[in-house]
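Scroll down for the structure; my scribbles are underneath it.
Laboratory data are not the source of any read-out in this text; all were calculated from the coordinates shown. All figures in this text were calculated on a predicted structure; none of them were measured in a lab. Here Cβ is always computed from backbone atoms with ideal geometry, including for glycine, and neighbour counts include all displayed protein chains.
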There are 2 protein chains.
Amino acid sequence: MHPSPAELRKLASLSELACLVADGSAPRRGALAQATGLSRAAVAQRVDLLIARGLLVETEPEPAGRGRPPASLRLAPEAALVAAVDLGATHCRIAVTTLDGRPLAEEARDLDINDGPARVLGAVHELIGELLGKAGRPARDVRAISIGVPGPVEASTGTVIRPPIMHGWDGYRVPGFFADREGERKHGHANGPELHRAHVLVDNDVNIMAFGEYSRRRDGEHLLYVKVGTGIGCGIVSGGVLHRGASGAAGDIGHIRLPGHDDVLCHCGNSGCVEAVAGGRALANALKAAGLEAEGVRDVVRLVEQGDPVALRRVREAGRQIGEVLASLVSFHNPDAIVLGGRLAQLQEELLADIRAVIYRRALPLATRSLRIETSTLGERAGVEGAARLAARHLLSPQGIGRLLTRPE
Amino acid sequence: MHPSPAELRKLASLSELACLVADGSAPRRGALAQATGLSRAAVAQRVDLLIARGLLVETEPEPAGRGRPPASLRLAPEAALVAAVDLGATHCRIAVTTLDGRPLAEEARDLDINDGPARVLGAVHELIGELLGKAGRPARDVRAISIGVPGPVEASTGTVIRPPIMHGWDGYRVPGFFADREGERKHGHANGPELHRAHVLVDNDVNIMAFGEYSRRRDGEHLLYVKVGTGIGCGIVSGGVLHRGASGAAGDIGHIRLPGHDDVLCHCGNSGCVEAVAGGRALANALKAAGLEAEGVRDVVRLVEQGDPVALRRVREAGRQIGEVLASLVSFHNPDAIVLGGRLAQLQEELLADIRAVIYRRALPLATRSLRIETSTLGERAGVEGAARLAARHLLSPQGIGRLLTRPE
């Protein structure tokens, strides 16, 4: 089953060529030979294979003046599909996309992550089938299922580890669910789409959002995506790759201690955590205690948008408190950009201005001189965008490209 | 001057083989063919070249039993030398090492970094010459000069950027000094060793220390090296590579705000910075104000070692304060290990115990469950060790190996 070293080397070479074409850095045979050092004959042999398997497309340009300009190559984004899944605590968004992240069908639904993996993933599996139906594409075209979940993940195995929410998921190996489904199918016991050709990738939801924002930007290798919703979390891109940390816990900034709030108890058992002071749930609770109608983050946003002065003051205070924590992280990580997402990030004027002010005042000038602090342009789509991009990166890698090159059945 | 794509490809292949042998993962021709997918003939051709240029050594083992066991390969660490330079504010340490980091000669000297680049680098240049003399090796054997400086550096160009100390160095491009020296030599105007075959690498001093500690350990890809001396700084290894940040400022944690100390003014212009509260200079000042004899960090260490209760209380307090900042960084970065260095780190019992206690109490359990927090085993040698290892990694890389393979003059 395992490829030989020579096969691995060939896959690495095919991956290199496909990536050079996909990112536009070498869109012709001659340029590929230049970039890789391969002979023209070797490039031709490999490019012909990639074209035969439908992964690349070659276009003859119109003759212009004398001679014929060289044919140009591009990735065929339809060559394979990705099921991109963003699971939140109370909702999910799923898209079926092409290799360049374009959604063919997409839908958001309510769900309760605490229903546990069997029910939640069962619903995901079914919804992927519905989306494939809408897109008019067969399940065998799906070569990767890329899933973000609201908790820490050991990405190498797709195992959920000690999630603070996600009842029933601790230690659950997500790819196993899909393997079991395909096993059951062989014995005639399963419904839903037949996804046995798909590789399953699992990551933390804020990580995939960070990767989504990173993929859409072209302004540096180091990015922090900070999600301010019910809680507060962060996804880290360092040197163009997701930084997950030693145990998949990197970016868990909601429990960083905020000075002077030791009287505020957090659900983690500590006190003074920034999430317990300035997160969406904390704000809603504070506003409710002040006699306002505020059950959750949505109400906080509504009250601020209605111009309620108490809500406005509380949100601006939260901006300064979050800014304080982020200023420390800017001094430490020195990112090119901070992108703010999550429901509270909608409050650009009110929240962002104060976060910015504190970061620029507190972090070192060298670390902020070219730092951009912006709100997400992808909004609620950041998760599926990142999931799709991570999957495409995997499928074009030496480890993944074999899956794209297997002949259609 | 620029190598052709085919030459680049060959260098990449030679680099791959040399690295596989150097790190011990493929110490025989057969294993190299397995690991790379190259044919045995191609491996033989390239390995023969590496042996001919003195970079690899092949040893025929004693015949044991029937048949002859295959010959084993190893790196010839003497094939090239590195000048590893650790520049501090008031001292420097320089070593001439082999490719595996072994020092052939090493010396520490006092210097004042504020004398500016011409005088300081002039002294460095001269000392490298002296060390080569002691080691009995000619200057042409030196293929890399690897320098750490006490300030932010744009590593790609070796330029010092806006250093808070280092008077006269702002914007100075360190490799230019050595290029100029060799230019002057051609016109007969320069002394010191002839180092024109050496590539010059420049980095922040705490970064090279972090890389030194990382190179000596084998327990994970993510490491923070925290230097607690006169000031407080941090070097970051993420995924096995130095994380320098968008503008070379990553790890500058000394100016993270410590809660509740807004009355303490820092030299950076802000107030409440952890360095201004818990750094070595701050401790010495506090002890002096309490009537003790304390001019600098050395005195703080001495007083604690003598059992002075005021000094002891102050250092333990500093441990808790530094621990508070590090707990936030552990939640964010989720490292495998934190290594403490710098003069104050000598106070293991007094400082480390409190730092540890705060981190384990404050950071998330998932981020600390396999976290190791230890003092440096390399001590004052961490800088030259890291500088030597970074240089060796560069010289064995596709970009650097050409320099090792040029024929001796």
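Within the same chain, lysines fewer than 8 places from B:Lys10 are excluded, and of the rest, those with a Cα less than 21 Å from its Cα are A:Lys10. Work out the P(r) tail for the range A:256-307: percent of alpha carbon pairs separated by more than 13 Å, whole number. Summing the P(r) tail past 13 Å for the range A:256-307 gives 56 percent. Size descriptors for the range B:52-158 (Cα atoms only): Rg and Dmax, in that order, 18.9, 67 Å. Residue and distance for the chain A Cβ closest to the axis that moves A onto B, in whole Å, come to A:Pro259, 1. Shortest first, A:His196 label-point distances to identical copies amount to 6.8 nm, with the label point at 7 Å from Cα along Cα→Cβ. Within chain B, DSSP assigns beta bridges of which about 60% are antiparallel (rounded to the nearest 5).
Highest mobility in the GNM of chain B, judged by mean-square fluctuation with C-alpha springs under 10 Å and restricted to B:Glu58, B:Glu194, B:Glu350, is found for B:Glu58. With the cut-off at under 20 Å, measuring from each backbone N in the range B:264-285 to a point 7 Å along the Cα-to-Cβ line of B:His167 picks out B:267-269, B:281. Position B:Gly24: other-copy label points at 4.7 nm, ordered by increasing distance, label point 7 Å along Cα→C-beta. Taken along the Cα-to-beta-carbon direction at a fixed 7 Å, the label points for B:Glu380 and B:Glu349 span 2.4 nm. Inter-copy label distances for A:Cys268: 2.3 nm (label point placed 7 Å from Cα along Cα→Cβ; shortest first). Principal semi-axes of the equivalent ellipsoid, √(5λ) from the alpha carbon gyration tensor of chain B, are 41, 27, 18 Å from largest down. So what is the diffusion coefficient of the range B:270-355 in µm² per second by Stokes-Einstein at 25 °C and 0.890 mPa s, using a Kirkwood Rh over Cα pairs? Value of D from the Cα-based Kirkwood radius: 186 µm²/s. Its Cα gyration tensor gives the range B:219-376 an equivalent ellipsoid, and the semi-axes of that ellipsoid, as √(5λ) in whole Å with the largest first, are 26, 17, 14.
Mean-square fluctuations from a GNM of chain A, with a 10 angstrom spring cutoff on Cα atoms, peak among A:Ala345, A:Ala41, A:Ala282 at A:Ala41.
Quote the FRET efficiency, to the nearest 0.05, computed for A:Glu7 versus B:Ala290 with a Förster distance R0 of 51 Å and r equal to the Cβ-Cβ distance. Efficiency at R0 = 51 Å is approximately 0.10. Between 0 and 90 degrees, the angle of helix B:205-216 with respect to the longest Cα principal axis of chain B falls at about 60 degrees. Given R0 = 35 Å, the distance between the Cβ atoms of B:Asp219 and B:Ala108 translates into a calculated FRET efficiency of 0.75.
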